[in-house]
Each structure stands twice: as C-alpha cells, then as structure tokens.
C-alpha cells in the first residue's frame, strides 16, 4: 500500500540545521529516526506531515557512552545497539532485559530507544524501565539545550513536553551508587513479539529502598510513588508484599482494549509486582533468576 | 518532488527516482523488480518484507526508499547468487516451508543470526525469527534446520 499523502523529505547534516527546519515548519513537520512508528502512522493516515526531517545524518547521535557513573544514549541508538552493548550488559542488565522483549529483531535493528520515548504510547517499555532510574531526556531546541526529568516527560498517550523546534537528542541514566538488583516483568499475549498488556519494573537498592514503575496501565508509563513510600526502609517480607499489592488499584488506571480487559490487567499487575519484587531483591543479594528469564 | 537515489542492491549499484513518500518495499518490487520481499501486514508485524540493510534485518514496509541513499541492501536474490547457501539447503532438507511466503524473510533473519552467532541455542533461534510469522509449519522444521546447519562440524560463520 503506497502512501497517498505527499510530503517533503529533508536530511539536515547538523543538529542546528534540524532545529531550524523543525522550528520553521512547526506542527507540520515530523522528526524521523528509525521510522518504525512514524512510517506506520503515515501509512495508516494517522500522521500527515508536510515535511519529514530525517535526523540520521546528524553526527554523534548514535553513541552509547558511560562516564563518571552516567550513561548517555543518543537518539539514533537502536534497541539492537543496546542489546549488543557490553556497557549495557555489565552496568544496566535491566535495560538489556527489557530490550529482549521489545518487538522483534527486525524492528529492534531500526527502532531507537529515544524514539520509543517520543512516541509516548502507554505501553512504551523504555519509559517504564527508565523511570526507575530517574533518567532524563536531553532536548535541543531554538532556545538551546535542556534536560527533562523522565517523570515530567510524558503528558499522556502520544504526548510529551517537547515543544516546537525541539529534538530529543538522547537520554541520560545515572547508575545507582548503591548495590542494586532489578527486574522487568512484561505480560504479552504470546511468546515472541508483542506490545505489553502490562509491565512492572522494580529496582531494589541496598538499604531497603525501592523504585517501581508500571506500563500499559495508565495514560502513560507511571512511577508507583505510594508503593515506593510504603516499602521505603523495610526489608521485603510476605506481609509487606501483601500491603504493597493492596495499593496497586490506587496507583494504576487500566482500560479495556484489544489486548486485555482492565480487570485482567489489574489482577496481573498484582501478580507481577509480587514476582518482580522477589526477583529484584534476590538479584540484589546475588541470587535469583538470571536477567532475561521470563517470570510470567 | 522526485529525487534520484543511489544505493547498492545485491552487490550492484542501482539508481532510481523516488517520491519521498515511496515505501522501500514497493520500490524494490515494482521499480527494481526484486520480488522476494513480500507484501504482508505492511505494519512491521509479519516479517515477510524483510531485507538485510547494511547487514541487519529490517522491515521494508516501515522504511522510505529515499532513506536508502548510500546504503547496501541484500535480498534472497543476492544471497543465493552463487547457489543456495548451506542454510537454504538445510531448509530444503528439513522441508521447512510449505507455501513459502515467509521463507525469504526467515532465510534473511536466520542468516543474520548465524553471521553474528554461528552456534545459537534454540532460544536464540526462536528470538531471531520471532518477528517472522509462518502460518503453515508451526515453526518446528524451520528451527530444526537452523540448529542443524549451525551444528555442522567445521561450519564457518
């Protein structure tokens, strides 16, 4: 099916030029990186840009760097790049665990993690996983550069705080200073590629601190702040897990759609939270299932 | 709005005029006569339109042809120019396909896997072809063929 809609294609060689183009064309322009989201939207008639600005010609956006405890992932870094990166495997096994359950290899070879954050769909796996690290999105625009905490990034389905003329150039993730273990649990309809029906991410830090997020059960990936507060400073026990699970209905707002009912999502998030907490705490202690093991 | 782009297709430099909105899959099939990438779901889910782009499997239904300037594409036509590869022969031997619609995509996905990882586990084979849907075989003879060719003694990556 050919795209009926015509547009202009521009591939600027510098970030400055790209920002200028996006500012000039405003909402009539769309930024293209891997295209696995945007081209589908244009094909389906759900996006109709007059100008497509391909940022793949901008140098330096394809890097994964780890310096002084800070991980930087450029806007052109694909899920496959992350999956094959020794730095990610060694320092951020949680991110690697997530990349194994994102779409399929043929999509991961093209789709970028920053693009996933920009698509801002409620089931965006990167959003849920990066929330527990307090990651930040790096933005370049007409007024210069700014850094947006991920907790402020998502406004709703397919809506972010990105303004006219701005490009998300990367994401930064601080490696927790304490010893930690983590877990990403993704519920899908079948083994293989699928969008999340629900996801739970748990980061357990030494000293009984916990960071928790949910995906696909609210208009955007969300941090479970009430549950984090409840768990704060306490060693994990069966009773504590029961208390945490009781708070799940207050944290999430699942809907019924083509992939699952809201009742099923609510039930499964409770199950996945328990398993995720146990696995993350076990991994913190150097035990537990290997990263990449499906817990569901 | 037409623009001329140049890229390598199966080892040969090709030059073609495209509209910015032309999808790579359509250009390969209709303008360049390469028919092994198939039109399936057209939304990146089925893998029938897979090609290798600079050595990596991608979905040509989600790529604009105009993005290909200076890139290198390999399809099954290029892969088997000097005869069937050992992987393709293994697929034949194991009767891996029935209708064959998914075959080009699976051949390329498995070729990419074996290039990076000459001796994959069954789980790694399943992960590599998870994005290639086959409605005939239940996948078992496909997986068996990939595992068989990867365990042949003296096999080169």
Do we have residue A:62 as farther than 15 Å from residue B:23 by Cβ, surrounded by 15 or more Cβ atoms within 10 Å (Cβ to Cβ) and without any contact (Cβ under 8 Å) to a residue 24 or more places away in the chain here? yes
Residues of the range A:153-179 being surrounded by fewer than 21 Cβ atoms within 10 Å (Cβ to Cβ) and more than 26 Å from residue A:21 (Cβ to Cβ), in sequence order, are A:156, A:157, A:174, A:175, A:176, A:177, A:178, A:179
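Yes/no per residue for (1) under 17 Å from the mean Cα position of the chain (by Cα); (2) under 30 Å from residue A:280 (Cα atoms):
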{"position": "A:7", "(1), (2)": "no, no"}
{"position": "A:12", "(1), (2)": "no, no"}
{"position": "A:44", "(1), (2)": "no, no"}
{"position": "A:51", "(1), (2)": "no, no"}
{"position": "A:66", "(1), (2)": "no, yes"}
{"position": "A:82", "(1), (2)": "yes, yes"}
{"position": "A:87", "(1), (2)": "no, yes"}
{"position": "A:94", "(1), (2)": "yes, yes"}
Restricting the range B:69-82 to residues that are modelled with pLDDT of 95 or more and more than 16 Å from the chain's Cα centre (by Cα), the one nearest to the other protein chains (Cβ to nearest Cβ) turns out to be B:69
Out of curiosity, is residue B:120 closer than 21 Å to residue A:192 by Cα, surrounded by fewer than 24 Cβ atoms within 10 Å (Cβ to Cβ) and free of Cβ contacts under 8 Å to residues at least 40 places away in the same chain? yes
When the range B:18-45 is checked residue by residue, the ones that are in contact with a strand residue (DSSP E or B) (Cβ under 9 Å, 6 or more places away or on another chain) and farther than 23 Å from residue B:109 by Cβ are B:18, B:19, B:20, B:21, B:22, B:31
Being out of contact with any strand residue (DSSP E or B) (no Cβ under 9 Å at 6 or more places or on another chain), touching a residue at least 12 places away in the same chain (Cβ under 8 Å) and in a strand (DSSP E or B), is that true of even one residue in the range A:143-158? yes
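Let's see how each residue does on (1) within 14 Å of chain B (Cβ to nearest Cβ); (2) in a loop (DSSP other than H, G, I, E, B):
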{"position": "A:26", "(1), (2)": "no, no"}
{"position": "A:31", "(1), (2)": "yes, no"}
{"position": "A:62", "(1), (2)": "yes, yes"}
{"position": "A:97", "(1), (2)": "yes, no"}
{"position": "A:114", "(1), (2)": "no, no"}
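Just need a number here: residues in the range A:74-95 that are part of a helix (DSSP H, G or I) and touching a residue at least 12 places away in the same chain (Cβ under 8 Å).
In the first step, residues of the range A:74-95 are kept if they are part of a helix (DSSP H, G or I); the result is A:79-83, A:86-91, A:93-95.
Okay, now just the ones that are also touching a residue at least 12 places away in the same chain (Cβ under 8 Å), so A:79-83, A:87-88, A:91, A:93-95.
Adding up the residues that qualify gives 11.
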Unmet requirement for residue A:42, which otherwise passes all of (1) within 12 Å of chain B (Cβ to nearest Cβ); (2) touching a strand residue (DSSP E or B) at 6+ places or on another chain (Cβ under 6 Å); (3) surrounded by 22 or more Cβ atoms within 10 Å (Cβ to Cβ); (4) not in a loop (DSSP other than H, G, I, E, B): (2)
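Considering each residue of the range A:14-39, count those that are within 25 Å of the chain's Cα centre (by Cα) and modelled with pLDDT of 95 or more, and give that number. Even if it seems obvious, please write down each step before you answer.
Our first condition is that a residue be within 25 Å of the chain's Cα centre (by Cα); within the range A:14-39, this holds for A:15, A:18-19, A:22, A:27, A:29-39.
Okay, now just the ones that are also modelled with pLDDT of 95 or more, so A:15, A:18-19, A:22, A:29-39.
The number of residues fulfilling the criteria is 15.
Going by the structure shown, is residue A:103 loosely packed, with under 15 Cβ neighbours inside 10 Å, within 10 Å of chain B (Cβ to nearest Cβ), at pLDDT below 95 and in a loop (DSSP other than H, G, I, E, B)? Give the derivation first.
Details: loosely packed, with under 15 Cβ neighbours inside 10 Å: no; within 10 Å of chain B (Cβ to nearest Cβ): yes; at pLDDT below 95: yes; in a loop (DSSP other than H, G, I, E, B): yes.
Taking the combined requirement at face value, the residue does not satisfy it.
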Within the range A:116-142, track down each residue that is under 19 Å from residue A:172 (Cβ atoms) and assigned to a helix (DSSP H, G or I). A:116, A:117, A:118, A:125, A:126, A:127, A:128, A:129, A:130, A:131
For the range A:1-20, which residues satisfy the criterion of being crowded, with 21+ Cβ neighbours inside 10 Å and away from chain B (no Cβ under 12 Å)? A:18, A:19
Counting only residues in the range A:189-207 that are within 19 Å of residue A:293 (Cβ to Cβ) and in a strand (DSSP E or B), the one nearest to the other protein chains (Cβ to nearest Cβ) is identified as A:199
Considering only residues that are touching a strand residue (DSSP E or B) at 6+ places or on another chain (Cβ under 8 Å) and surrounded by fewer than 24 Cβ atoms within 10 Å (Cβ to Cβ), look in the range A:211-226 and name the one that is nearest to residue A:117 (Cα to Cα). A:220
Considering only residues of the range B:91-114 that are out of contact with any helix residue (DSSP H, G or I) (no Cβ under 8 Å at 6 or more places or on another chain) and surrounded by fewer than 24 Cβ atoms within 10 Å (Cβ to Cβ), which is nearest to the other protein chains (Cβ to nearest Cβ)? B:101
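Okay, residues lined up against (1) surrounded by fewer than 23 Cβ atoms within 10 Å (Cβ to Cβ); (2) more than 10 Å from every other protein chain (Cβ to nearest Cβ):
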residue	(1), (2)
B:28	no, yes
B:31	yes, yes
B:37	no, yes
B:63	no, no
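Of all residues being over 15 Å from residue B:77 (Cα atoms) and free of Cβ contacts under 8 Å to residues at least 60 places away in the same chain in the range B:1-12, which is nearest to the other protein chains (Cβ to nearest Cβ)? Just the residue, please. Spell out the reasoning first.
Residues of the range B:1-12 over 15 Å from residue B:77 (Cα atoms): B:1-7.
With free of Cβ contacts under 8 Å to residues at least 60 places away in the same chain added as a condition, the list becomes B:1-2, B:4.
Working: B:1: 7, B:2: 11, B:4: 13 Å.
Looking at the filtered set, the residue picked out is B:1.
Being more than 14 Å from chain B (Cβ to nearest Cβ), in a loop (DSSP other than H, G, I, E, B) and touching a residue at least 24 places away in the same chain (Cβ under 8 Å): is that true of residue A:220 here? Steps first, answer last, please.
On the way: more than 14 Å from chain B (Cβ to nearest Cβ): yes; in a loop (DSSP other than H, G, I, E, B): yes; touching a residue at least 24 places away in the same chain (Cβ under 8 Å): yes.
Judged against the criteria, residue A:220 is a match.
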Return yes or no: is residue A:196 in contact (Cβ under 8 Å) with a residue 12 or more places away in the chain and within 15 Å of the chain's Cα centre (by Cα)? yes
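The values are calculated or read from the model by the stated rules, or taken from the named source; none is laboratory data. All values reported here derive from a predicted model rather than from experimental measurement. Note: ideal-geometry Cβ built from the backbone for every residue, glycine included; neighbour counts use all protein chains shown.
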